[in-house]
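First up is the structure itself, then whatever we jot down about it.
The values are calculated or read from the model by the stated rules, or taken from the named source; none is laboratory data. Just so you know, these numbers come straight off a predicted model, no measurement behind them. Glycine gets a Cβ as well: all are built from the backbone with ideal geometry, and neighbour counts include every protein chain shown. The area values use the complete protein model at the heavy-atom level, side chains included, leaving out ligands, DNA and RNA. Shrake-Rupley method; radii C 1.70, N 1.55, O 1.52, S 1.80 Å.
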Amino acid sequence: VPLVKFLVILLLAWIYPSDSLYFHIGETEKKCFIEEIPDETMVIGKYRTQLWDKQTGSFLPSTPGLGMHVEIKDPDTKIILSRQYGSDGRFTFTSHTPGEHQICLHSNSTKMALFGGGKLRVHLDIQVGEHTNNYPEIAAKDKLTELQLRVRQLLDQVEQIQKEQNYQRYREERFRMTSESTNQRVLWWSIAQTVILIVTGIWQMKHLKSFFEAKKLV
């Protein structure tokens, strides 16, 4: 029974992954994260910031004057999103190239008064694929029953799984091409070394023959 419960927990964690985290940054410091995303996949990021308060010894909600700059780069390092947001924000983008996307955040404030020499805590939540859908809102808009809504969720999950599988095949293809390219280079390098050794041996033999002939030993 404990094993069954453990497997159920793992299954739920796989179906409903959570990319929620928090981190600390200083003034003008940039933090970047890598997210592997299939192509044509929607991504929604939500964040909120807190400032360290020396009087209370805890993190408190940031002042309205503090904001964050969000920058997203695709696997080809092309900027697909670069925008200023407030202390709490929500950003959305759709991937058009499968691979590692870089998500960077940094404070757009240069006023030390806002930081007070302390740290800024950023709570970040990233949702990918079907997890970006607001199913209660969809159910209310399309007047779906509970069963219809569940079917809609399952269809979205199947579509996302297909995208993940396509992305894995894409990664395997790139890895295979890299391996073949590396093996080909190793082969040509081995052939070059063999040719160099043969040429060097022939040259040494001719040189020794000329030396012995000059010394009238042959």
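Worth pointing out:
- Under Karplus coefficients 6.51, -1.76 and 1.60, residue-wise ³J(HN,Hα) of the range 201-207 in Hz, glycine/proline x: x, 4, 5, 5, 5, 5, 5
- Sites residue 97 and residue 199, calculated FRET efficiency, Cβ-Cβ separation with R0 41 Å, nearest 0.05: 0.30
- Sorted on the mean count of surrounding Cβ atoms within 10 Å across their residues, most packed first, peptides 82-91, 165-174, 61-70, 195-204 read 61-70, 82-91, 165-174, 195-204.
- The range 28-165: C-alpha gyration tensor shape, a/c 1.5 cut-off, then a/b vs b/c: oblate
- For residue 40, distant residues with modelled amide H under 5 Å away: 95, 96, 97
- Amide hydrogen proximity for residue 67: with H placed 1.01 Å from N in the peptide plane, the residues at 5 or more positions away or on another chain lying under 5 Å are 108, 109.
- Overall form of the range 139-218 per C-alpha gyration tensor (a/c, 1.5; a/b vs b/c): prolate
- Karplus-based coupling profile of the range 46-58, in residue order and whole Hz: 10, 9, 8, 10, 9, 9, 6, 10, 5, 5, 8, x, 8, with θ = phi - 60° in 6.51 cos²θ - 1.76 cosθ + 1.60 and x standing for Gly or Pro.
- Under-5 Å amide H pairs with residue 33, H placed in peptide plane, nonlocal only: 103, 104
- Pairs spanning more than 23 Å between alpha-carbon atoms, out of 46/119; 30/163; 46/73: 30/163.
- Think of a 1.4 Å ball rolled over the protein heavy atoms: the range 178-218 then has 98 Å² of accessible area per residue.
- Residue-wise HN-Hα coupling along the range 60-66, computed from phi with Karplus coefficients 6.51, -1.76, 1.60 (Hz; x: Gly, Pro): 10, x, 5, 6, x, x, 8
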